[in-house]
Amino acid sequence: MVVLSACLTGRGRVMEGEGVVNFARAFQHAGARSVVVSLWPVASQETVEYMALFYRHVKEGKPRAEALSLARRAIKAKYPQPFFWAAFILHGEG
């Protein structure tokens, strides 16, 4: 698993005949089974909290998609604006 928690890591360009080319796709081509990326700029402190929760759930043995969902839910409860909790998505295996 690769986690790219910086700003805009999930954005890319549409290439004719290739589809969207971005970091997630590059890491998957390099062998990563799953990649977490952000779709817009992210707030530093809130992202630290989000990622700490996500990694805690992964360490507990939860599947990556569930861990991301649980972290998202907790951040959403604390910071209701979507800017803080909706930026991260999982590509690949969950």
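When the residues of region 35-53 are filtered to those that are hydrophobic (A, V, I, L, M, F, W, C) and out of contact with any helix residue (DSSP H, G or I) (no Cβ under 9 Å at 6 or more places or on another chain), which remaining residue is surrounded by the most Cβ atoms within 10 Å (Cβ to Cβ)?
39
If a residue has to be in contact with a helix residue (DSSP H, G or I) (Cβ under 7 Å, 6 or more places away or on another chain) and in contact (Cβ under 8 Å) with a residue 24 or more places away in the chain to count, how many in region 75-92 make the cut?
Of the residues in that region, 8 qualify.
Residues 42, 58, 35: which one is without any contact (Cβ under 8 Å) to a residue 60 or more places away in the chain and in a loop (DSSP other than H, G, I, E, B)?
42
Answer with yes or no whether residue 52 is without any contact (Cβ under 8 Å) to a residue 12 or more places away in the chain, part of a helix (DSSP H, G or I) and among the hydrophobic types (A, V, I, L, M, F, W, C).
Yes: the conditions hold for residue 52.
Looking only at region 4-32, count every residue that is farther than 18 Å from residue 82 by Cβ, in a loop (DSSP other than H, G, I, E, B) and aliphatic (A, V, I, L, M) and tell me the total.
So the answer is 4.
Yes/no per residue for (1) aliphatic (A, V, I, L, M); (2) touching a Ser or Thr at 6+ places or on another chain (Cβ under 7 Å); (3) surrounded by fewer than 16 Cβ atoms within 10 Å (Cβ to Cβ):
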position	(1), (2), (3)
1	yes, yes, yes
5	no, yes, no
11	no, no, yes
14	yes, no, yes
18	no, no, yes
29	no, no, yes
33	no, no, yes
73	no, no, yes
91	no, yes, no
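Every read-out reported here was derived from the displayed coordinates using simple, explicitly stated rules and does not represent laboratory data. Keep in mind it's a predicted model, so treat the numbers as computed, not measured. Methodologically, a virtual Cβ is constructed for each residue, glycine included, from the backbone with ideal geometry; neighbour enumeration extends over all protein chains shown.
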